[in-house]
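A.B. asks: If you scroll down you'll find the structure; I have some questions about it.
The values are calculated or read from the model by the stated rules, or taken from the named source; none is laboratory data. Note that this is a predicted model, so its numbers are computed, not measured. Using ideal geometry, Cβ is built from the backbone for each residue, glycine included, and neighbour counts are taken over all protein chains shown.
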Amino acid sequence: MQSSAIFASDGETIQRIHERYMAMHNIGGWKNGEPLTASNFAALIEAAFWASLRADEGRSTRVQLRVLPRGVDALPNLALESPQAVADAEKSIAKLAPAISVQGSIVVTVSDDGITIIGIDTRPQFLSPTSDVIIKASAPGVISVGVGPYQPFAVFSGRDICVMESSSQWSLTWYLQNALRKDGILGTFPERAAASREWLALVDLARMIVAHGHGGILLVVPDENDEWLTSLDYAFKFTKPNTEVRDSSRALATNDKIAWSRYDVSWIASLANVDGAVVISPDVRIYGFGAKIKAKKLPDRFWLSEPPGMHWTEKVSLEEVGGMRHQSSMRFVATHQDAMAIVASQDRSLSIASCNLEGEVLLLRNAQWWT
């Protein structure tokens, strides 16, 4: 057991997190409940950090904590009976983590007495009653802290600390839309609702592939043309595109009772376990999987952003940016500039390759920090 705390309440980053939290706390619905202290933040991050270093049957702890302010009436949809502060919070978090779905959270409160686990929330983040603070253990020793719309606000990665205040409001959904130049969703309300749900399904799909830990590629190809077919050799191509997600999104958009439902894309994520790329359209039509990329064009110029969205650095060699998955994906988007590649690595990192309007290839690394 650790002899002393690693994360001190008077540390610079903890203080910045707490200042941002307090700035948000008095806005709108944030007035409910007793605000967290800097010491509370330090205790939560400490517990998440040590939990991330625990393993169960060889599997590292990867989990999301949703922190409710004390005194808030909102409860998770799976509330525990008679919750009490636990003496060994990191052990309890690690023990409960395997029961949490990709979209779910362990819901906790924190006080000077310690951390209390009050239940499990299986709902996606935007459906939950409050999102004051989200603390996520995404890899051993990698902890992200989100405050309100800043998801994440800061990331602790080993000895490195990154405060992402300037880019954390973008969100993975926004970045994917922008990368494919579809950041403006027009049309009637049902059409806009359907399009939003399809983008959420794409984000959920990326999350699930990352969580599987096998790695894989999602090639998001334009539906306006099929020139990209010349750069692929399919192992498994469907006779016609599967449109279940697309059709479901459009059906749900006209049904007010279930207007915020999300389609289960886990079966699509499983396709990424087969070597090769899953080929998909922006509106989640599945063309096939196990596709080998045979594009050979090298990008004229390409840029790397790491951490995501903070700054871009020009690179001169593909070998500098990753292995074969990353290199083949960048060749594909260099050849087909209206396409995008979402690359998940076995270490559960997520990258996005796309082209800007000048035809330069952009590779965004560590996009899992946004998920």
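A.B. asks: Note down all Cβ pairs under 6 Å where the first residue falls in the stretch 91-114 and is in the same structural domain as residue 138 (by TED's automatic domain parsing) and assigned to a strand (DSSP E or B), the second is basic (Lys, Arg) and modelled with pLDDT of 90 or more, and they're at least six residues apart or on different chains.
C.D. replies: Filtered contacts from the stretch 91-114: 105/66; 107/66.
A.B. asks: Condition test on residue 354, is it over 16 Å from the mean Cα position of the chain (by Cα) and assigned to a helix (DSSP H, G or I)?
C.D. replies: Details: over 16 Å from the mean Cα position of the chain (by Cα): yes; assigned to a helix (DSSP H, G or I): no.
Spelling it out, it is not the case that residue 354 is over 16 Å from the mean Cα position of the chain (by Cα) and assigned to a helix (DSSP H, G or I).
A.B. asks: So, one more: Quick one: in the stretch 30-81, which of the residues that are assigned to a loop (DSSP other than H, G, I, E, B) and of a type in the set (D, E, K, R) is nearest to residue 148 (Cα to Cα)?
C.D. replies: Taking the stretch 30-81 as the starting set, the residues that turn out to be assigned to a loop (DSSP other than H, G, I, E, B) are 32-33, 35-37, 53-54, 57-58, 61-62, 68-69, 71-77, 80-81.
Applying the additional criterion that residues be of a type in the set (D, E, K, R) yields 54, 57, 62, 73, 81.
Details: 54: 28, 57: 34, 62: 21, 73: 18, 81: 28 Å.
Applying the filter and picking the extreme gives 73.
A.B. asks: Same structure again: Among the residues of the stretch 140-154, how many are in a strand (DSSP E or B) and more than 15 Å from residue 65 (Cβ to Cβ)?
C.D. replies: Result for the stretch 140-154: 1.
A.B. asks: Given the conditions (1) of a type in the set (D, E, K, R); (2) at pLDDT 90 or above; (3) over 24 Å from residue 284 (Cβ atoms), and given that residue 338 satisfies all but one, which numbered condition is not satisfied?
C.D. replies: The number of the failed condition is (3).
A.B. asks: Going by the structure shown, is residue 181 surrounded by fewer than 19 Cβ atoms within 10 Å (Cβ to Cβ), modelled with pLDDT under 85 and within 21 Å of the chain's Cα centre (by Cα)? Give the derivation first.
C.D. replies: Details: surrounded by fewer than 19 Cβ atoms within 10 Å (Cβ to Cβ): yes; modelled with pLDDT under 85: yes; within 21 Å of the chain's Cα centre (by Cα): yes.
Criteria met by residue 181.
A.B. asks: Which ones in the stretch 7-29 are modelled with pLDDT under 90, in contact with an Asp or Glu (Cβ under 9 Å, 6 or more places away or on another chain) and assigned to a loop (DSSP other than H, G, I, E, B)?
C.D. replies: Across the stretch 7-29, there are no qualifying residues.
A.B. asks: Shifting gears a bit: Filter the stretch 345-370 for residues that are of a type in the set (Ser, Thr, Tyr) and surrounded by 23 or more Cβ atoms within 10 Å (Cβ to Cβ); which is farthest from residue 205 (Cα to Cα)?
C.D. replies: Residues of the stretch 345-370 that are of a type in the set (Ser, Thr, Tyr), as a first pass: 345, 349, 351, 354.
Retained after the next criterion (residues that are surrounded by 23 or more Cβ atoms within 10 Å (Cβ to Cβ)): 351, 354.
Details: 351: 14, 354: 18 Å.
Ranking the candidates gives 354 first.
A.B. asks: Those residues that are over 20 Å from the mean Cα position of the chain (by Cα) and either aliphatic (A, V, I, L, M) or not assigned by TED's automatic domain parsing to the domain that holds residue 178 (or both), I need them from the stretch 337-351; list them, please.
C.D. replies: Initial filter on the stretch 337-351 (over 20 Å from the mean Cα position of the chain (by Cα)): 337-339.
Listed by number, the list holds a single entry, 339.
A.B. asks: Only one of 308, 299 is crowded, with 20+ Cβ neighbours inside 10 Å, over 25 Å from residue 171 (Cα atoms), modelled with pLDDT under 90 and in the same structural domain as residue 188 (by TED's automatic domain parsing); which? Break it down stepwise before answering.
C.D. replies: Numbers: 308 fails: over 25 Å from residue 171 (Cα atoms).
Exactly one of 308, 299 is crowded, with 20+ Cβ neighbours inside 10 Å, over 25 Å from residue 171 (Cα atoms), modelled with pLDDT under 90 and in the same structural domain as residue 188 (by TED's automatic domain parsing), namely 299.
A.B. asks: Go through (1) at pLDDT 90 or above; (2) surrounded by fewer than 17 Cβ atoms within 10 Å (Cβ to Cβ); (3) in a loop (DSSP other than H, G, I, E, B) for residue 292 and report which single condition fails.
C.D. replies: For residue 292, the exception is condition (3).
A.B. asks: Please pick out the residue among 99, 87, 94 that is modelled with pLDDT under 90 and of a type in the set (A, V, I, L, M). Talk me through it step by step, then tell me what you get.
C.D. replies: Numbers: 99 fails: modelled with pLDDT under 90; 94 fails: modelled with pLDDT under 90.
None of the other options fit; the residue is 87.
A.B. asks: Of all residues in the stretch 295-320, which are part of a strand (DSSP E or B) and among the aliphatic types (A, V, I, L, M)?
C.D. replies: Taking the stretch 295-320 first, the residues part of a strand (DSSP E or B) are 302-305, 312-315.
304, the sole residue that qualifies.
A.B. asks: Among the residues of the stretch 188-243, which ones are in a loop (DSSP other than H, G, I, E, B) and of a type outside the set (A, V, I, L, M)? Before the answer, list the steps.
C.D. replies: The first filter runs over the stretch 188-243 and keeps only residues in a loop (DSSP other than H, G, I, E, B), leaving 188, 213-215, 221-226, 234-235, 243.
Residues satisfying the conditions are 188, 213, 214, 215, 222, 223, 224, 225, 226, 234, 243.
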